[in-house]
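J.: I'd like to ask some things about the structure below.
The values are calculated or read from the model by the stated rules, or taken from the named source; none is laboratory data. Just so it is clear, the model here is predicted, and its values are computed rather than measured. Note that each Cβ is placed from the backbone with ideal geometry, even for glycine, and that neighbours are counted across all protein chains shown.
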Amino acid sequence: MRSISLLLPFFSLAQACLPGIGFGYNPYNPLGGLGLGGLGGLGYPYNAYGRVGPFRSQANHDQIRNPSVLNCATLDESCRWSNTNEEEMDWVSGKNHPDVARWHSTLSSSTVPDIGAGALISAQRRGWEGGQLVSDSLPCISPGLRLTVTAWKSRIGQMETQPKLQVCSRNVKEARFPLINCIEVDVRNGMPVTVAVPTPNDAGTPGQIVLYGNNFAAPEGGALFVQDIQLDGILDCASARNGDQHPTLVEPLAMPSFGGSIGDDRPVAAPQPVSIPKYSTIERNSIEPIDAPANPFKSFASSAQVAPQPISNDLSPSSSSEVPSGLFDTCLAISCDATDYLNCNFWRSSGGNQWEIASSKRVATPKAAITTSPGGAERFLVAPFTDDKEKQFTLVSETVSIPATTEVFFCFYEYFSSRSFALSICTDDNECFYKRNGVENLEEAPEWKVRCTKMPPGSYELRVHAENFGSERGELGFLPVRLSKDNLASNLIC
């Protein structure tokens, strides 16, 4: 007994020094674990009220067939959401929190959450701590599910220290793993926001959707509120079990020896030249489009040329001595071979909806299909939104390694045939460094545009998401071109 009593204080001390589940790891917190404890004007001591009125601590394991069952206006016992024992913070119903009115005053909003809205409130905490509101289990989480939520966050301190809300997914068998498949919600206090639910690692097996609040790093603490959770879409578990595939050819020409699918065993040559029009719109730092200067692509085409021309030999890629090891090979691999057959072995479709290879020579309905090619390319990739079931297409690359010592820009073509379409490019940690939708080009006729966006450093897979936020049908076109050292594609790496 004496030895046991001596061990108990030591065990308690050891527990106090260790991080929580996941060893303190959180890929979504930009501040790392550097938050300091303490009190603020609006805060209160950590755990001063204990675990106040947690919503539900246990999931309901009844089978869910219709995702709309997860709809939840405010947190009450009929909602199919619960807290998890994996996190330091609990979601509560606002009516059960003693300080909810005081936190409403920090929202800087003309509207405030309902009294029963879900609340995640804390004094200042270590940055990696958060709270998970987890849905009851779904038989699968297939592509195309969309979650709408009305949310608020406290507007205290700098933007980087304000709370964050993410929509995540995970497989039931991975319930105790750190969250990886997440998309950050652009919280617009009091306004409904819709996001595509990311697919988990195995979209065809049972999974859960998670509302994850974190980054409570301001000295005064922070608060998140959610209400009117709505899930739309269809659970297409059969398609979700198909796994990743390379894009397939749409209406192939007479090529019996190749079959037309990406992934065949033909020798892969270096990417062929793809032209960049002289007056294309170039994306600067993934934020605002700008018109190209008077002569930004002098090596692409002479000033007398108006029609797009292939990249000329005058545009020499950076010498190998100037390019970090492996980056030249990555540039070659990331670029689709844009000749007759379009070899894109570096890319694959993920989920139930498959990207396809298209050509302007195919027989297609003009209103529903892209009928022009980008630059000198014979073929290109399309996400075909042909019915209401197809809301999201995901294209995944092999792993790329971008050095921190060199600025690298990913240059590609995009085409929006509908204003309801959106395109985003992210890392496999769901750090999105490019986002654009068709609404931004309301006054422009649909056409191929060149974009160059800065890539974050590190090793990761690229994920290109094509989404349809409305009911319009058509195609979203995409063609990766090259890597460049600038956002005007004037200093290509390969």
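J.: For Thr111, are the conditions met, namely being under 17 Å from Asp228 (Cβ atoms), of a type in the set (Val, Ile, Thr), outside any strand (DSSP E or B) and in contact with a Gly (Cβ under 9 Å, 6 or more places away or on another chain)?
T.: Yes.
J.: Checking Val149 against (1) modelled with pLDDT of 90 or more; (2) in contact with a Gly (Cβ under 7 Å, 6 or more places away or on another chain), which single condition isn't satisfied?
T.: All conditions pass for Val149, except number (2).
J.: Please specify each residue of region 448-471 satisfying the condition of being surrounded by fewer than 22 Cβ atoms within 10 Å (Cβ to Cβ) and of a type in the set (Lys, Arg).
T.: Selection gives Lys449, Lys454, Arg463.
J.: For residues in region 446-494 being touching a helix residue (DSSP H, G or I) at 6+ places or on another chain (Cβ under 7 Å) and assigned to a strand (DSSP E or B), which is farthest from Ser359 (Cα to Cα)?
T.: Selected residue: Leu483.
J.: Then there's this: Of everything in region 175-206, what is under 24 Å from Cys237 (Cα atoms) and more than 20 Å from the chain's Cα centre (by Cα)? Give them in sequence order.
T.: Matches in region 175-206: Ala175, Arg176, Thr205, Pro206.
Per-residue answers, yes or no, for (1) more than 19 Å from the chain's Cα centre (by Cα); (2) in the same structural domain as Pro198 (by TED's automatic domain parsing); (3) among the aliphatic types (A, V, I, L, M):
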{"site": "Phe433", "(1), (2), (3)": "no, no, no"}
{"site": "Cys452", "(1), (2), (3)": "no, no, no"}
{"site": "Leu462", "(1), (2), (3)": "no, no, yes"}
{"site": "His465", "(1), (2), (3)": "no, no, no"}
{"site": "Glu472", "(1), (2), (3)": "yes, no, no"}
{"site": "Leu476", "(1), (2), (3)": "no, no, yes"}
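J.: Being surrounded by fewer than 17 Cβ atoms within 10 Å (Cβ to Cβ) and closer than 21 Å to Thr74 by Cβ is the requirement here; does Arg146 meet it?
T.: So Arg146 fails the test.
J.: Something else: Can you name every residue in region 74-85 that is crowded, with 17+ Cβ neighbours inside 10 Å and under 21 Å from Leu138 (Cβ atoms)?
T.: Result: Leu75, Cys79, Arg80, Trp81, Ser82, Asn83, Thr84.
J.: Might you let me know whether region 214-229 holds any residue that is assigned by TED's automatic domain parsing to the domain that holds Gly94, in contact with a strand residue (DSSP E or B) (Cβ under 8 Å, 6 or more places away or on another chain) and closer than 26 Å to Phe393 by Cα?
T.: Yes, some residue in region 214-229 is assigned by TED's automatic domain parsing to the domain that holds Gly94, in contact with a strand residue (DSSP E or B) (Cβ under 8 Å, 6 or more places away or on another chain) and closer than 26 Å to Phe393 by Cα.
The rows are residues; the columns are (1) among the aromatic types (Phe, Trp, Tyr); (2) assigned to a strand (DSSP E or B); (3) not assigned by TED's automatic domain parsing to the domain that holds Ala466.
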site	(1), (2), (3)
Glu390	no, no, no
Glu398	no, yes, no
Ser401	no, yes, no
Ala404	no, no, no
Tyr415	yes, yes, no
Cys426	no, yes, no
Asp429	no, no, no
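J.: Across region 224-250, which residue is nearest to Arg146 (Cα to Cα) among those that are among the small types (Gly, Ala, Ser) and either assigned to a loop (DSSP other than H, G, I, E, B) or at pLDDT 85 or above (or both)?
T.: For region 224-250, the residue satisfying everything is Gly233.
J.: Among the residues of region 80-108, which ones are within 27 Å of the chain's Cα centre (by Cα) and modelled with pLDDT of 85 or more? Let's see the steps before the verdict.
T.: Narrowing region 80-108 to residues within 27 Å of the chain's Cα centre (by Cα): 80-91, 107.
The answer is Arg80, Trp81, Ser82, Asn83, Met89, Asp90, Trp91, Leu107.
J.: Report whether or not Gly116 is modelled with pLDDT under 75, in contact with a strand residue (DSSP E or B) (Cβ under 9 Å, 6 or more places away or on another chain), assigned to a loop (DSSP other than H, G, I, E, B) and of a type outside the set (Phe, Trp, Tyr).
T.: Taking the combined requirement at face value, the residue does not satisfy it.
J.: Of all the residues that make up region 94-106, how many are in contact (Cβ under 8 Å) with a residue 40 or more places away in the chain and within 18 Å of Pro219 (Cβ to Cβ)?
T.: 4
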